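The values are calculated or read from the model by the stated rules, or taken from the named source; none is laboratory data. Since the structure is predicted, the reported quantities are computational estimates derived from the model, not experimental observations. Every residue, glycine among them, receives a Cβ derived from its backbone with ideal geometry; neighbour counts consider all protein chains shown.
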């Protein structure tokens, strides 16, 4: 059997595997696809060949790598016939060697069709270099899709790999034995209070898994989305995981317009079981769960409140930590309500830059007008 020499083949595969964080098998697949593309290019340049190659003409051809011999062969799957009509698809029974003596008409066998090194080797090498990068990217994307598509919409641990002008690049891991994959955290998905330095570890929310090759990382993550907070709370509260407690709604002001205003999240929870207090359970003993989440988010205020189907009760709860005197429905159809508070509670209900009342309005879906009473 003939073979096209590729000196250092095993070393090349090992090196690409490390550089691209790909299993060696994936690098080999990419290399075989690139080498086959080189063979197709070579065949199409031969003036003696049929110029009307269809797109699937070379589907019965494949590449066999020889890591020990440091080279590769081109093999074709051909059907055994009496008389050959299509040389690339068929082989005459009478021409078969003793090795294939048991073959009979209608059988399919693998035939070595590797051209001589010469011109083919030079053309194939050029085409392989052009195609290999693309094929490696496709292999990377395929592995990323397999590992991370099921994790989209979940909270993952990430490590800051580098800082770019428009994003922080994180290294994520899909589990023991799997390669690290890079994810971009765009500036608009960052928290103002975070300190993005090389090697820092943070929890991130996997927002997007790209399905086509691109210049940047194949994943996009966020620190600013509500999904990050709800995901962390879910991981800390078994009753949410078991669907005993439901996160009914969540709103977040993760990047306030003014730097002196801390980020803030309000979470409405509910349960169908009368004998448990969902708010206390979610907060944890001594508000331990709140402390864990707040610390991870650089001191963000986390408020958990009880959802209610009664809009007056729900609005009252949503305006925490303010104490509300009365809630009056002004227009149920337009979802407009008036809330009365004592003068000392008005600043709490409003919050800095009216952050609290705006979040309460978003959480409940009601327009809230605040007034002071006696």
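If I filter region 266-274 for residues that are more than 23 Å from residue 315 (Cα to Cα) and over 28 Å from the mean Cα position of the chain (by Cα), do I get at least one hit?
Looking for residues that are more than 23 Å from residue 315 (Cα to Cα) and over 28 Å from the mean Cα position of the chain (by Cα), one finds none in region 266-274, hence no.
Is it the case, given these coordinates, that residue 23 is within 41 Å of the chain's Cα centre (by Cα) and surrounded by fewer than 17 Cβ atoms within 10 Å (Cβ to Cβ)? Steps first, answer last, please.
On the way: within 41 Å of the chain's Cα centre (by Cα): yes; surrounded by fewer than 17 Cβ atoms within 10 Å (Cβ to Cβ): yes.
So residue 23 fits the description; yes.
Of all residues in region 51-67, which are within 37 Å of the chain's Cα centre (by Cα), without any contact (Cβ under 8 Å) to a residue 40 or more places away in the chain and not in a strand (DSSP E or B)?
Narrowing region 51-67 to residues within 37 Å of the chain's Cα centre (by Cα): 54-67.
Subsequent filtering for residues that are without any contact (Cβ under 8 Å) to a residue 40 or more places away in the chain retains 54-60, 62-64.
The answer is 54, 55, 56, 57, 58, 59, 60.
Just a yes or no: is a residue in region 136-154 crowded, with 16+ Cβ neighbours inside 10 Å, under 24 Å from residue 252 (Cβ atoms) and either touching a helix residue (DSSP H, G or I) at 6+ places or on another chain (Cβ under 7 Å) or at pLDDT 95 or above (or both)?
Scanning region 136-154 turns up no residue that is crowded, with 16+ Cβ neighbours inside 10 Å, under 24 Å from residue 252 (Cβ atoms) and either touching a helix residue (DSSP H, G or I) at 6+ places or on another chain (Cβ under 7 Å) or at pLDDT 95 or above (or both).
If I filter region 180-194 for residues that are touching a helix residue (DSSP H, G or I) at 6+ places or on another chain (Cβ under 6 Å) and touching a residue at least 24 places away in the same chain (Cβ under 8 Å), do I get at least one hit?
Taking region 180-194 first, the residues touching a helix residue (DSSP H, G or I) at 6+ places or on another chain (Cβ under 6 Å) are 181.
If we keep only those that are touching a residue at least 24 places away in the same chain (Cβ under 8 Å) as well, we get 181.
For region 180-194, residues touching a helix residue (DSSP H, G or I) at 6+ places or on another chain (Cβ under 6 Å) and touching a residue at least 24 places away in the same chain (Cβ under 8 Å): present.
Looking at region 176-209, which of its residues are part of a strand (DSSP E or B) and within 20 Å of residue 255 (Cβ to Cβ)? So that I can check it myself, show each step before the final result.
So in region 176-209, the residues part of a strand (DSSP E or B) come out as 180-186, 201-209.
Passing the criteria: 183, 184, 185, 186, 202, 203, 204, 205, 206, 207, 208.
Looking at region 214-234 only, could you name the residues that are under 14 Å from the mean Cα position of the chain (by Cα), buried (at least 22 other Cβ atoms within 10 Å of the Cβ) and assigned to a loop (DSSP other than H, G, I, E, B)? Quick ask: steps written out before the conclusion?
Taking region 214-234 and keeping what is under 14 Å from the mean Cα position of the chain (by Cα), we get 214, 216-222.
Narrowing further to those that are buried (at least 22 other Cβ atoms within 10 Å of the Cβ): 218-219, 221.
Answer for region 214-234, where residues must be under 14 Å from the mean Cα position of the chain (by Cα), buried (at least 22 other Cβ atoms within 10 Å of the Cβ) and assigned to a loop (DSSP other than H, G, I, E, B): just 218.
Just checking, does region 30-47 include any residue being under 30 Å from residue 182 (Cα atoms) and surrounded by fewer than 18 Cβ atoms within 10 Å (Cβ to Cβ)?
Looking through region 30-47, at least one residue is under 30 Å from residue 182 (Cα atoms) and surrounded by fewer than 18 Cβ atoms within 10 Å (Cβ to Cβ).
Just checking, does region 18-32 include any residue being at pLDDT below 85, more than 17 Å from residue 131 (Cα to Cα), touching a strand residue (DSSP E or B) at 6+ places or on another chain (Cβ under 7 Å) and in a loop (DSSP other than H, G, I, E, B)?
Yes; the residues of region 18-32 include at least one that is at pLDDT below 85, more than 17 Å from residue 131 (Cα to Cα), touching a strand residue (DSSP E or B) at 6+ places or on another chain (Cβ under 7 Å) and in a loop (DSSP other than H, G, I, E, B).
Quick one: in region 342-355, which of the residues that are in contact with a strand residue (DSSP E or B) (Cβ under 6 Å, 6 or more places away or on another chain) and surrounded by 13 or more Cβ atoms within 10 Å (Cβ to Cβ) is nearest to residue 200 (Cα to Cα)?
Across region 342-355, the extreme among qualifying residues is 355.
Do any helices (runs of 4 or more DSSP H) entirely within region 235-351 hold 1 or more residues that are under 15 Å from residue 361 (Cα atoms) and in contact (Cβ under 8 Å) with a residue 24 or more places away in the chain, and if so, which? Full working, then the answer.
Details: elements: 238-241, 278-283, 288-296, 311-318, 346-350.
Answer list for region 235-351: 311-318, 346-350.
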